[in-house]
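Note sheet for the following structure.
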Amino acid sequence: MTSSGGAPRPGELVFEAPRRGKPPIHLLDLAPEERRAAVVDLGLPAFRADQVSRHVLGRHEEDPSTWTDLPADARELIGERLLPPLLTPVRAIDCDNGTTVKAVWRLHDGALVESVLMRYPDRVTMCISSQAGCGMNCPFCATGQGGLTRNLSTAEIVDQVVAGARALDTGSIPGGPGRVSNVVFMGMGEPLANYRAVVGAVRRLVDPVPAGLGMSARGITVSTVGLVPRIRELADEGVPVTLAISLHAPDDGLRDTLVPVNTRWKVAEVMEAAWYYAERTHRRVSIEYALIKDVNDQAWRADLLADLLVGHLAHVNLIPLNPTPGSQWTASRPEDERAFVQTLERRGVAVTVRDTRGREIDGACGQLAALV
Ligand code: SAH
């Protein structure tokens with residue numbers, strides 16, 4: 001892990017985020033009993049915590065002046081102490097006629113993060129960030145190039161979803177009022193390197209109102225470079241979210257260069273942890289594979305990938321590489337992508353090619369760099 005103290009060396013993997021800029025405690029950080037205790041600490045009756053939770057998590061109302069069922073002084077006090085502003089909008093950019101929206105947020109200490117809302121005819125997916133920056137250093141990912149600034153708190157993670165839910169309530173996304181059906185931890189950061197806050201956020205997303213937002217765990221995907229001990233811990237956590245593994249290469253030689261954490265946990269160990277996850281949760285593991293022209297897109301590599309997956313509860317999600325500034329890599333030729341897909345299909349491996357929304361606003365996979 002990172003040497004204690006001092007700045008990380010270039011290329012060094014950073015697992016422990018710097019502790020600077022810890023955000024203030026927010027209602028969304030707290031479990032229901034902690035919220036009641038916090039409200040009692042403010043000299044108010046415990047039931048006020050549930051009332052406020054219904055406003056914030058049930059109706060996405062974070063502005064205390066709208067909580068008309070509470071006395072004005074209680075509203076003010078709770079608002080001031082338990083709902084400090086966490087995410088300040090810096091910019092929102094949209095495409096696809098307003099149904100894809102990338103939001104850039106400034107955190108209390110000036111750190112920047114991004115989230116992306118994607119509305120489809122049958123669902124709304126939010127891609128959210130778990131860290132400001134990322135310490136995993138994958139060379140094809142824009143976020144990785146800036147290094148890690150810090151971990152987000154549970155509330156900073158959940159508030160990205162609450163903000164999206166509010167935009168859908170108010171009809172500001174074309175298509176009429178709607179709700180967030182899916183959340184993917186595929187924005188900035190390595191979620192399993194911020195394990196406690198991410199698991200807290202998942203609980204807040206799935207717990208029923210007023211404890212949480214009441215989403216289905218099936219609609220939530222946690223994506224990881226492959227932090228093996230954390231994958232196993234998540235498997236035992238009792239929140240059956242979908243696990244996505246960013247594999248990108250079936251062989252250690254290449255994966256060591258594309259996903260540098262592979263030098264610590266090899267492909268075989270990552271796959272073993274993935275199958276443990278599938279066994280514990282009965283959920284199909286999603287294998288993410290960014291197709292990079294002449295780097296990892298050969299049909300023989302598709303065969304090696306199939307060797308890893310045949311007979312297991314898995315599904316391959318191919319992502320045509322999205323361009324990032326300064327990178328010499330590009331997406332595969334259509335014929336190579338086709339051959340890759342066909343090789344997997346011939347071996348009986350379930351495979352889809354991800355539609356890459358948001359490319360034109362630098363909001364697609366791997367493009368989030370929070371440059372404003
Ligand atoms: N750190 C986590 C989650 C964030 S990235 C992880 O690595 O899984 C979400 C997905 O986008 C990952 O599979 C990541 O490898 C992929 N990705 C990163 N850069 C990309 C790019 N330029 N084009 C396509 N996919 C990319």
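Using Cα springs under 10 Å in a Gaussian network model of the chain, which residue among T143, T68, T154 shows the largest mean-square fluctuation?
T68
Would you mind telling me the share, in percent, of accessible area of the range 120-357 contributed by carbon and sulfur at probe 1.4 angstrom?
Carbon plus sulfur share of accessible area: 51 percent.
Note down the net charge around R218, summing +1 for each Lys or Arg and -1 for each Asp or Glu among other residues with Cβ under 13 Å from its Cβ. Spell out each step's value before the answer.
Working: positive: R123, R283, R284; negative: none.
It works out to a net charge of +3.
What percent antiparallel are the DSSP beta bridges of the chain, to the nearest 5?
50
If you wrap a convex hull around the alpha carbons of the chain, what volume per residue comes out, as a whole number of Å³?
137
Which residues' amide hydrogens lie under 5 Å from the amide hydrogen of R91, considering only partners 5 or more residues apart or on another chain, with H built in the peptide plane?
The list, which skips near neighbours in sequence, is V104.
Is it possible to state the helix-based mean residue ellipticity at 222 nm for the chain, with each DSSP H run of 4+ residues giving -39500 (n - 2.57), the sum divided by total residues, to the nearest 500 deg cm²/dmol? What is it? Please report the intermediate quantities before stating the final value.
Numbers: 11 runs with 114 residues, N = 372.
Here the helix-only value at 222 nm equals -9000 deg cm²/dmol.
Just A244, A38, A290 to compare: in a GNM of the chain, with alpha carbon springs under 10 Å, which one fluctuates most?
A38
Tell me, what ³J(HN,Hα) does each residue in the range 171-185 have, in order and in whole Hz, if you take phi through Karplus 6.51 cos²θ - 1.76 cosθ + 1.60 with θ = phi - 60° and put x for Gly and Pro?
x, 7, 9, x, x, x, x, x, 9, 6, 9, 10, 10, 10, 7
Compare G147, G43, G58 in a GNM of the chain, Cα atoms joined below 10 Å, and give the one with the largest fluctuation.
G43
Which of rounded, prolate, oblate describes the range 27-82, given a ≥ b ≥ c as roots of the alpha-carbon gyration tensor eigenvalues and a/c under 1.5 marking rounded, otherwise prolate only if a/b is larger than b/c?
Oblate.
Using label points projected 7 Å from each Cα along Cα→Cβ, tell me how many nm separate A37 and D251, to one decimal.
5.4
May I ask you to list the aspartates and glutamates whose Cα is less than 18 Å away from that of K102, ignoring any residue fewer than eight positions away on the same chain?
Within the straight-line cut-off, K102 pairs with D94, E114, E156, D159, D169, D355, E360, D362.
State the cysteines of the chain left without a partner when partners are defined as other cysteines whose beta carbon lies under 4.7 Å away.
C95, C127, C134, C365
Residue by residue, what Karplus-based ³J(HN,Hα) values in Hz, rounded to whole numbers, does the range 44-52 have, using 6.51, -1.76 and 1.60 with θ = phi - 60° and x for Gly and Pro?
Ordered by residue, 3J(HN,Hα) equals 10, x, 4, 5, 4, 4, 5, 4, 5 Hz.
I'd like the Karplus ³J(HN,Hα) series for the range 252-259: coefficients 6.51, -1.76, 1.60, θ = phi - 60°, whole numbers in Hz, and an x wherever there's a Gly or Pro.
Those phi angles translate into 4, x, 6, 5, 4, 8, 7, 10 Hz.
The values are calculated or read from the model by the stated rules, or taken from the named source; none is laboratory data. Here the structure is a predicted model, which means the values were calculated and not measured. Neighbour counts are summed over all protein chains in view; Cβ atoms, including those assigned to glycine, are modelled from backbone coordinates with ideal geometry. To get the accessible areas, we keep the full protein, side chains included, count just its heavy atoms, and leave off ligands, DNA and RNA. Shrake-Rupley method; radii C 1.70, N 1.55, O 1.52, S 1.80 Å.
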